[in-house]
Each structure stands twice: as C-alpha cells, then as structure tokens.
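Worksheet: one structure, shown below.
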Amino acid sequence: MSDLRELYQEMIIDHGRRPRNFCVIDDATHFKKGNNPLCGDKLMLYLEEKNGVIEKASFQGAGCAISTASASMMTQFLQGKTEVEAREMFTLFHDAIIEGKTENVAKLGKMAVLAGVSEFPARVKCATLAWHTLMGALDKTDIDVTTE
Ligand code: ZN
C-alpha cells in the first residue's frame, strides 16, 4: 500500500476531491462519453471550440481519484489551447504514462504528477481515460470511448 500511497500525491488527491471544471457546457461543440470498465470510471467530456481554439472544457461523471484528477487537470490545460496543441499533449501524455518515457515529462507541467502511474499498469487506464475520450471528442467518432 505504501507505493500506492506515494502515488496519490497531494495534487491528485486535491483534484480528485475537488475536480475543476466539473460541470456541463450547454453550448458544447464536442461531446463524448468515456468508460474504463476495468476500474469503473465513467466520464462525459464537453468542449466548446471556436475557430480551432478550445475555449472551454469540462467533464462530469464518476470515477476513482486518478481518473477524476486526470480529467480535472486535462480540462484546465485545454482552456485556450488549439486542437493541434491538444493532440500534441495527448502524444506526450500517452508516451509518459503508457510507454513510461521520461524525457518529455517536464512538458506535461503539473500533469507530470500522473506520470508515476506508469509503474502501476492497473491504474494506467484510469489516467488515460480522459485523454482517449478527448481524442474521440475531437475526432467526432460515433461510438463511446472505452479503454477495453
Ligand atoms: Zn480508475
């Protein structure tokens, strides 16, 4: 348990308990549901995009502290970012969390606290759910995003 306790750093606990941008965007231009059956994390992601810039991002749903913290930090990051910047960050985040690549961790900003999850394969899908849901939202896919 001590490793896991280390993993739940202060920022993850804070975002998990008091998620930012936890609301519905009524005029959302993008919407996507994401599901991580392995842990039971479910989220709905809302984006309001104008001229290729994500002006607002928010989410709703229920999940573990890691999935909630990841979605909370991601929606904070996305405000004012272009779709291109969002996709670049997905790649950086994916490489750090799934591939365990450390060279670009600093570019993740405060989301770097989630990089420690790469050592816990069972929690990787919790951390990446929001980001996979984001890709589904940007691509406007017809089906809900699932990590399985
Ligand atoms: Zn989870």
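Readers should treat all values here as calculations from the given coordinates under stated rules, not as data from a laboratory. The shown structure was predicted, so the numbers you read here are calculated from the model rather than taken from an experiment. FYI the Cβ positions are ideal-geometry reconstructions off the backbone, even for glycines, and counts take in every protein chain you see.
Out of everything in segment 8-41 that is aliphatic (A, V, I, L, M) and touching a residue at least 40 places away in the same chain (Cβ under 8 Å), what residue ends up being nearest to the ligand (Cβ to nearest atom)?
The selected residue is 38.
If the requirement is being out of contact with any Gly (no Cβ under 9 Å at 6 or more places or on another chain) and within 19 Å of residue 15 (Cα to Cα), which of these qualifies: 92, 129, 108? Let's see the steps before the verdict.
On the way: 92 fails: within 19 Å of residue 15 (Cα to Cα); 129 fails: out of contact with any Gly (no Cβ under 9 Å at 6 or more places or on another chain).
Among 92, 129, 108, only 108 is out of contact with any Gly (no Cβ under 9 Å at 6 or more places or on another chain) and within 19 Å of residue 15 (Cα to Cα).
Scan segment 27-41 for residues that are surrounded by fewer than 19 Cβ atoms within 10 Å (Cβ to Cβ) and either charged (D, E, K, R) or over 22 Å from residue 16 (Cβ atoms) (or both) and report the count.
Adding up the residues that qualify gives 5.
Name every residue in segment 117-133 that is crowded, with 22+ Cβ neighbours inside 10 Å and under 16 Å from residue 95 (Cα atoms), in order of residue number. Walk me through it before giving the result.
Quick first cut of segment 117-133, residues crowded, with 22+ Cβ neighbours inside 10 Å only: 117, 123, 125-131, 133.
117, 123, 125, 126, 127, 128, 129, 130, 131 - these are the residues of segment 117-133 that are crowded, with 22+ Cβ neighbours inside 10 Å and under 16 Å from residue 95 (Cα atoms).
Given (1) under 18 Å from residue 19 (Cβ atoms); (2) without any contact (Cβ under 8 Å) to a residue 24 or more places away in the chain, where does residue 142 come up short, assuming only one miss?
(1) is the only condition that residue 142 fails.
Which residues, counting only those in segment 46-63, are part of a loop (DSSP other than H, G, I, E, B), surrounded by fewer than 19 Cβ atoms within 10 Å (Cβ to Cβ) and within 16 Å of the ligand (Cβ to nearest atom)?
Keep residues of segment 46-63 that are part of a loop (DSSP other than H, G, I, E, B), which gives 51-52, 63.
From what's left, surrounded by fewer than 19 Cβ atoms within 10 Å (Cβ to Cβ): 51-52.
Passing the criteria: none in range.
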